[in-house]
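The next block holds one structure in the form of C-alpha coordinates; read it before the comments.
The values are calculated or read from the model by the stated rules, or taken from the named source; none is laboratory data. What you see is a predicted model, and the numbers here were worked out from it, not measured in a lab. When we count neighbours, we look across all protein chains shown, and the Cβ atoms used for this are built from the backbone with ideal geometry, even at glycine. SASA here: full protein model, heavy atoms, side chains in, ligands and nucleic acids out. Shrake-Rupley method; radii C 1.70, N 1.55, O 1.52, S 1.80 Å.
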Amino acid sequence: KQEVTQIPAALSVPEGENLVLNCSFTDSAIYNLQWFRQDPGKGLTSLLLIQSSQREQTSGRLNASLDKSSGRSTLYIAASQPGDSATYLCAVRSNYQLIWGAGTKLIIKP
Amino acid sequence: EAGVAQSPRYKIIEKRQSVAFWCNPISGHATLYWYQQILGQGPKLLIQFQNNGVVDDSQLPKDRFSAERLKGVDSTLKIQPAKLEDSAVYLCASSLGPGQGASGYTFGSGTRLTVV
(Lines give C-alpha, C1' and ligand atoms only; values in the text may rest on other atoms or scores of the structure.)
Protein backbone atom coordinates (compact mmCIF):
# COMPACT_ATOMS: atom_id res chain seq x y z
CA LYS A 1 0.00 0.00 0.00
CA GLN A 2 1.41 3.36 -1.05
CA GLU A 3 2.07 5.81 1.77
CA VAL A 4 3.24 9.39 1.39
CA THR A 5 4.99 11.33 4.15
CA GLN A 6 5.92 14.99 4.31
CA ILE A 7 8.49 16.35 6.73
CA PRO A 8 8.48 18.80 8.39
CA ALA A 9 4.81 19.36 9.19
CA ALA A 10 5.48 23.07 9.63
CA LEU A 11 8.29 25.43 8.71
CA SER A 12 8.86 29.10 9.44
CA VAL A 13 11.69 31.00 7.75
CA PRO A 14 12.63 34.65 7.14
CA GLU A 15 11.83 36.22 3.82
CA GLY A 16 14.50 35.80 1.16
CA GLU A 17 15.76 32.40 2.23
CA ASN A 18 15.95 29.42 -0.06
CA LEU A 19 14.17 26.38 1.36
CA VAL A 20 13.45 22.72 0.67
CA LEU A 21 10.29 20.76 1.39
CA ASN A 22 10.49 16.98 1.50
CA CYS A 23 8.13 14.24 0.35
CA SER A 24 8.76 10.50 0.64
CA PHE A 25 6.75 7.54 -0.66
CA THR A 26 6.96 3.83 0.06
CA ASP A 27 6.25 2.25 -3.35
CA SER A 28 8.43 3.33 -6.27
CA ALA A 29 5.89 2.09 -8.85
CA ILE A 30 4.34 5.46 -9.56
CA TYR A 31 3.06 7.20 -12.68
CA ASN A 32 3.94 10.69 -11.51
CA LEU A 33 4.29 12.95 -8.49
CA GLN A 34 2.63 16.30 -8.07
CA TRP A 35 3.13 19.25 -5.77
CA PHE A 36 0.11 21.35 -4.80
CA ARG A 37 -0.36 24.55 -2.86
CA GLN A 38 -3.31 25.12 -0.52
CA ASP A 39 -4.20 28.54 0.86
CA PRO A 40 -6.52 28.85 3.86
CA GLY A 41 -10.16 28.64 2.83
CA LYS A 42 -9.26 27.83 -0.75
CA GLY A 43 -8.90 24.76 -2.88
CA LEU A 44 -5.73 23.14 -4.15
CA THR A 45 -3.58 24.69 -6.86
CA SER A 46 -1.29 22.48 -8.90
CA LEU A 47 2.32 23.70 -8.89
CA LEU A 48 4.48 21.08 -10.61
CA LEU A 49 4.04 17.64 -12.09
CA ILE A 50 6.95 15.23 -12.51
CA GLN A 51 6.40 12.14 -14.63
CA SER A 52 7.98 8.92 -13.41
CA SER A 53 10.57 9.11 -16.21
CA GLN A 54 11.65 12.63 -15.28
CA ARG A 55 14.13 13.82 -12.67
CA GLU A 56 12.96 17.38 -12.13
CA GLN A 57 10.60 20.15 -13.20
CA THR A 58 10.96 23.91 -12.82
CA SER A 59 8.48 26.76 -12.73
CA GLY A 60 9.74 30.21 -11.84
CA ARG A 61 11.26 30.09 -8.37
CA LEU A 62 10.08 26.52 -7.83
CA ASN A 63 12.04 23.39 -8.64
CA ALA A 64 10.82 19.89 -7.90
CA SER A 65 13.02 16.80 -8.09
CA LEU A 66 12.13 13.12 -8.11
CA ASP A 67 14.24 10.13 -7.11
CA LYS A 68 12.03 7.08 -7.62
CA SER A 69 14.60 4.57 -6.47
CA SER A 70 14.85 6.17 -3.04
CA GLY A 71 11.17 7.16 -2.89
CA ARG A 72 11.85 10.85 -2.45
CA SER A 73 10.90 14.18 -3.92
CA THR A 74 11.91 17.68 -2.92
CA LEU A 75 10.35 21.04 -3.66
CA TYR A 76 12.91 23.84 -3.71
CA ILE A 77 11.69 27.40 -3.30
CA ALA A 78 14.20 30.10 -4.13
CA ALA A 79 14.20 33.59 -2.60
CA SER A 80 11.10 32.98 -0.51
CA GLN A 81 8.44 35.70 -0.22
CA PRO A 82 5.61 36.25 2.29
CA GLY A 83 3.19 35.35 -0.50
CA ASP A 84 4.65 31.86 -0.53
CA SER A 85 3.06 31.23 2.86
CA ALA A 86 0.66 28.31 2.41
CA THR A 87 0.42 24.57 2.93
CA TYR A 88 2.29 22.52 0.35
CA LEU A 89 1.10 19.00 -0.40
CA CYS A 90 2.64 16.30 -2.52
CA ALA A 91 0.59 13.57 -4.13
CA VAL A 92 1.69 10.39 -5.86
CA ARG A 93 -0.32 8.88 -8.67
CA SER A 94 -0.66 5.11 -8.42
CA ASN A 95 -3.25 3.17 -10.42
CA TYR A 96 -5.26 6.29 -11.34
CA GLN A 97 -5.45 7.32 -7.69
CA LEU A 98 -3.71 10.19 -5.99
CA ILE A 99 -2.15 9.27 -2.65
CA TRP A 100 -1.58 12.40 -0.61
CA GLY A 101 0.86 13.52 2.03
CA ALA A 102 -0.41 15.51 5.00
CA GLY A 103 1.36 18.67 3.85
CA THR A 104 3.95 21.11 5.11
CA LYS A 105 2.64 24.40 6.46
CA LEU A 106 5.07 27.10 5.37
CA ILE A 107 5.25 30.55 6.95
CA ILE A 108 7.53 33.18 5.44
CA LYS A 109 8.24 35.97 7.90
CA PRO A 110 8.64 39.50 6.44
CA GLU B 1 -12.76 28.98 -18.34
CA ALA B 2 -14.88 28.85 -15.20
CA GLY B 3 -13.49 26.80 -12.32
CA VAL B 4 -15.05 24.05 -10.28
CA ALA B 5 -17.98 25.50 -8.36
CA GLN B 6 -18.91 24.22 -4.91
CA SER B 7 -21.64 25.21 -2.51
CA PRO B 8 -22.15 25.99 0.24
CA ARG B 9 -18.76 27.35 1.38
CA TYR B 10 -19.50 26.70 5.04
CA LYS B 11 -22.01 24.57 6.91
CA ILE B 12 -22.59 24.00 10.60
CA ILE B 13 -24.97 21.24 11.64
CA GLU B 14 -25.74 19.21 14.72
CA LYS B 15 -24.79 15.55 14.88
CA ARG B 16 -27.38 13.20 13.46
CA GLN B 17 -28.62 15.86 11.04
CA SER B 18 -28.24 15.49 7.31
CA VAL B 19 -26.32 17.72 4.90
CA ALA B 20 -25.74 17.92 1.16
CA PHE B 21 -22.93 19.46 -0.87
CA TRP B 22 -23.08 20.41 -4.50
CA CYS B 23 -20.35 20.51 -7.14
CA ASN B 24 -20.37 21.73 -10.73
CA PRO B 25 -17.19 20.65 -12.56
CA ILE B 26 -15.46 22.32 -15.45
CA SER B 27 -17.43 21.92 -18.65
CA GLY B 28 -16.29 18.88 -20.58
CA HIS B 29 -14.53 17.21 -17.67
CA ALA B 30 -15.69 13.62 -17.60
CA THR B 31 -14.10 12.67 -14.29
CA LEU B 32 -15.30 14.09 -10.98
CA TYR B 33 -13.82 13.45 -7.54
CA TRP B 34 -15.01 14.07 -4.00
CA TYR B 35 -12.33 14.32 -1.33
CA GLN B 36 -12.55 14.66 2.44
CA GLN B 37 -9.78 16.66 4.09
CA ILE B 38 -9.60 16.57 7.87
CA LEU B 39 -7.60 19.38 9.47
CA GLY B 40 -3.89 18.63 9.37
CA GLN B 41 -4.22 15.74 6.94
CA GLY B 42 -4.03 15.28 3.21
CA PRO B 43 -7.21 14.82 1.16
CA LYS B 44 -8.80 11.37 1.16
CA LEU B 45 -10.67 10.25 -1.94
CA LEU B 46 -14.30 9.44 -1.14
CA ILE B 47 -15.64 8.73 -4.60
CA GLN B 48 -14.63 9.05 -8.24
CA PHE B 49 -17.10 9.32 -11.12
CA GLN B 50 -16.43 8.77 -14.79
CA ASN B 51 -19.36 10.52 -16.48
CA ASN B 52 -22.31 9.28 -14.42
CA GLY B 53 -20.75 5.97 -13.37
CA VAL B 54 -18.82 5.25 -10.18
CA VAL B 55 -15.17 4.28 -10.74
CA ASP B 56 -14.01 4.07 -7.13
CA ASP B 57 -15.98 4.42 -3.91
CA SER B 58 -13.87 2.08 -1.78
CA GLN B 59 -13.29 4.69 0.94
CA LEU B 60 -16.83 6.06 1.04
CA PRO B 61 -18.63 5.23 4.34
CA LYS B 62 -21.67 3.93 2.56
CA ASP B 63 -23.76 3.57 5.69
CA ARG B 64 -24.00 7.35 5.95
CA PHE B 65 -22.47 8.88 2.80
CA SER B 66 -23.99 8.86 -0.66
CA ALA B 67 -23.14 10.63 -3.89
CA GLU B 68 -24.68 10.89 -7.29
CA ARG B 69 -23.91 12.38 -10.68
CA LEU B 70 -27.09 11.57 -12.52
CA LYS B 71 -26.52 13.43 -15.78
CA GLY B 72 -22.75 13.15 -15.82
CA VAL B 73 -22.28 16.83 -15.04
CA ASP B 74 -22.87 18.22 -11.56
CA SER B 75 -22.77 16.06 -8.47
CA THR B 76 -24.20 15.96 -4.96
CA LEU B 77 -22.57 14.44 -1.88
CA LYS B 78 -24.85 13.70 1.07
CA ILE B 79 -24.20 12.74 4.67
CA GLN B 80 -27.04 11.27 6.71
CA PRO B 81 -26.78 11.15 9.68
CA ALA B 82 -23.70 13.25 10.37
CA LYS B 83 -21.19 12.40 13.09
CA LEU B 84 -18.73 14.64 14.88
CA GLU B 85 -15.82 13.01 13.03
CA ASP B 86 -17.32 14.14 9.69
CA SER B 87 -16.12 17.68 10.43
CA ALA B 88 -13.77 18.41 7.54
CA VAL B 89 -13.39 20.26 4.27
CA TYR B 90 -15.06 18.49 1.37
CA LEU B 91 -13.26 19.14 -1.88
CA CYS B 92 -14.57 18.51 -5.36
CA ALA B 93 -12.21 18.19 -8.31
CA SER B 94 -12.60 17.40 -11.97
CA SER B 95 -10.38 16.31 -14.84
CA LEU B 96 -10.76 15.52 -18.51
CA GLY B 97 -10.26 11.84 -17.82
CA PRO B 98 -9.06 9.46 -15.09
CA GLY B 99 -5.48 9.37 -16.33
CA GLN B 100 -4.86 13.10 -16.34
CA GLY B 101 -1.86 14.60 -14.62
CA ALA B 102 -1.75 17.74 -12.52
CA SER B 103 -2.59 19.97 -15.45
CA GLY B 104 -5.88 18.11 -15.84
CA TYR B 105 -6.96 18.44 -12.22
CA THR B 106 -8.96 21.46 -11.06
CA PHE B 107 -10.13 21.75 -7.48
CA GLY B 108 -13.03 23.75 -6.11
CA SER B 109 -12.69 25.94 -3.03
CA GLY B 110 -14.29 23.31 -0.85
CA THR B 111 -17.09 23.18 1.70
CA ARG B 112 -16.05 23.42 5.33
CA LEU B 113 -18.39 21.28 7.43
CA THR B 114 -18.55 21.59 11.20
CA VAL B 115 -20.61 19.03 13.09
CA VAL B 116 -21.44 20.04 16.67
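Could you check the stretch A:64-95 and list, in sequence order, the residues that are away from every other protein chain (no Cβ under 14 Å) and not polar (S, T, N, Q)? Selection gives A:67, A:68, A:71, A:72, A:76, A:77, A:78, A:79, A:82, A:83, A:84. How do the pairs read when you match residues in the stretch B:37-53 that are touching a residue at least 60 places away in the same chain (Cβ under 8 Å) and within 19 Å of residue B:78 (Cα to Cα) with residues anywhere that are open to solvent by 30 Å² or more (accessible area, probe 1.4 Å) and part of a loop (DSSP other than H, G, I, E, B), using Cβ under 8 Å and keeping only pairs 6 or more apart or on different chains? Correct list of pairs: empty, since none qualify.
Of the residues A:80, A:53, which single one is over 23 Å from residue B:41 (Cα atoms), touching a Gly at 6+ places or on another chain (Cβ under 7 Å) and not β-branched (Val, Ile, Thr)?
Checking each option against the conditions leaves just A:80.
Quick one: would you say residue B:110 is open to solvent by less than 50 Å² (accessible area, probe 1.4 Å), on the phi > 0 side of the Ramachandran plot, facing another protein chain (nearest Cβ under 9 Å) and at pLDDT below 95? Considered against the rule, which asks whether it is open to solvent by less than 50 Å² (accessible area, probe 1.4 Å), on the phi > 0 side of the Ramachandran plot, facing another protein chain (nearest Cβ under 9 Å) and at pLDDT below 95, residue B:110 comes out as yes. Among the residues of the stretch B:34-41, not a single one is outside any loop (DSSP other than H, G, I, E, B) and away from chain A (no Cβ under 14 Å). What number of residues in the stretch A:37-63 are at the interface with chain B (Cβ under 10 Å from one of its Cβ atoms), at negative phi and more than 15 Å from the chain's Cα centre (by Cα)? Number of matching residues: 2.
Quick check: is even one residue across the stretch B:55-65 touching an Asp or Glu at 6+ places or on another chain (Cβ under 7 Å) and either crowded, with 19+ Cβ neighbours inside 10 Å or part of a loop (DSSP other than H, G, I, E, B) (or both)? No, every residue in the stretch B:55-65 fails to be touching an Asp or Glu at 6+ places or on another chain (Cβ under 7 Å) and either crowded, with 19+ Cβ neighbours inside 10 Å or part of a loop (DSSP other than H, G, I, E, B) (or both). Please verify whether residue A:91 is closer than 30 Å to residue B:49 by Cβ and either part of a strand (DSSP E or B) or among the hydrophobic types (A, V, I, L, M, F, W, C) (or both), treating the condition exactly as stated. Criteria met by residue A:91.
All of B:50, B:17 fail the test of being away from every other protein chain (no Cβ under 13 Å) and more than 30 Å from residue A:7 (Cα to Cα), apart from B:17.
Hey, can you tell me all the residues within the stretch B:93-107 that are more than 8 Å from chain A (Cβ to nearest Cβ) and modelled with pLDDT under 65? Passing the criteria: B:100, B:104.
When the stretch A:66-103 is examined, which residues are found to be among the aromatic types (Phe, Trp, Tyr) and open to solvent by less than 50 Å² (accessible area, probe 1.4 Å)? Within the stretch A:66-103, A:88, A:100 qualify.
Per-residue answers, yes or no, for (1) in contact with a helix residue (DSSP H, G or I) (Cβ under 9 Å, 6 or more places away or on another chain); (2) under 22 Å from residue A:91 (Cα atoms):
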{"residue": "B:3", "(1), (2)": "no, yes"}
{"residue": "B:36", "(1), (2)": "yes, yes"}
{"residue": "B:44", "(1), (2)": "no, yes"}
{"residue": "B:53", "(1), (2)": "no, no"}
{"residue": "B:64", "(1), (2)": "yes, no"}
{"residue": "B:72", "(1), (2)": "no, no"}
{"residue": "B:107", "(1), (2)": "no, yes"}
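Restricting to the stretch A:1-41, name every residue that is in a loop (DSSP other than H, G, I, E, B), open to solvent by less than 50 Å² (accessible area, probe 1.4 Å) and touching a residue at least 60 places away in the same chain (Cβ under 8 Å). A:2, A:8, A:16, A:30, listed by residue number. When each of A:44, A:62 is tested for being surrounded by 17 or more Cβ atoms within 10 Å (Cβ to Cβ) and within 18 Å of residue A:93 (Cβ to Cβ), the lone residue that passes is A:44.
Across the stretch B:21-43, what is the total count of residues that are surrounded by 14 or more Cβ atoms within 10 Å (Cβ to Cβ) and under 17 Å from residue B:82 (Cβ atoms)? Final tally of qualifying residues: 6.
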